[in-house]
Amino acid sequence: VQVVESGGGSVQTGGSLRLSCAASGRTQSIYAMAWFRQSPGKERDFVAAVTWMGGDVYYKPAVRGRFTIFRDTGKNMLYLQMDGMKSEDSAVYFCAARNTVSLVTRDDYDYWGQGTPVTVSS
């Protein structure tokens with residue numbers, strides 16, 4: 001499985017941005033997909049996840065109610081709609097996919113994208 005993110009960029013505080021992630025390869029083996037983010041000098045951090053077939057969603061508490069994760073299994077696409085953005089949302093955002101049935105908030109995913117930068121400024 002390969003995953004490629006797109007959609008990062010700059011936005012003002014309170015603004016919105018949508019990230020996209022295209023999955024290819026053996027997508028029928030995907031159990032869950034997720035978004036993680038990493039700020040300079042910090043560890044990579046879980047943001048949101050969705051089980052690929054069931055559609056169960058999980059969020060980091062700090063983004064719940066502002067971010068929405070959703071997927072289009074027919075197009076093998078994952079999205080992260082980010083609204084009400086804050087400066088602390090600035091980071092490089094990574095798309096990830098996993099085949100194994102495990103806790104979706106763990107960062108031991110099998111496949112990772114290169115990351116797309118997001119900057120929120122006032």
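The values are calculated or read from the model by the stated rules, or taken from the named source; none is laboratory data. Remember, predicted model here, so these are calculated numbers, not experimental data. Here Cβ is always computed from backbone atoms with ideal geometry, including for glycine, and neighbour counts include all displayed protein chains. Only protein heavy atoms, including side chains, enter the accessible area calculation; ligands, DNA and RNA are left aside. Shrake-Rupley method; radii C 1.70, N 1.55, O 1.52, S 1.80 Å.
With an 8 Å cut-off on Cα pairs and a minimum separation of 6 or more residues, tell me the relative contact order of the chain in percent.
Numbers: 302 pairs, mean separation 44.6, N = 122.
Here the relative contact order equals 37 percent.
May I ask which residue of 121, 105, 65 lies farthest towards the positive end of the charge dipole of segment 65-122, with charges of +1 (Lys, Arg) and -1 (Asp, Glu) on Cβ and the Cα centre as origin?
65
DSSP loop trypsin sites (Lys or Arg not before Pro) in segment 14-105 with at most 13 other Cβ atoms within 10 Å of their Cβ, which ones? Don't jump to the answer; show the numbers that get you there.
Numbers: sites: 18, 26, 37, 42, 44, 64, 66, 71, 75, 86, 98; in loops: 26, 42, 44, 66, 75, 86.
Sites meeting the loop and neighbour criteria: 26, 42, 75.
Please turn the phi angles of segment 53-61 into ³J(HN,Hα) values with the Karplus equation 6.51 cos²θ - 1.76 cosθ + 1.60 (θ = phi - 60°), one per residue in order, whole Hz, x for glycine and proline.
8, x, x, 5, 10, 9, 9, 5, x
Give me the percent of accessible area attributable to carbon and sulfur for the chain, probe 1.4 angstrom.
On the way: 2950 of 6120 Å².
Here it works out to 48 percent.
Given a 1.4 Å probe, how much area per residue of segment 3-121 is accessible, in Å²?
Heavy-atom accessible area per residue stands at 49 Å².
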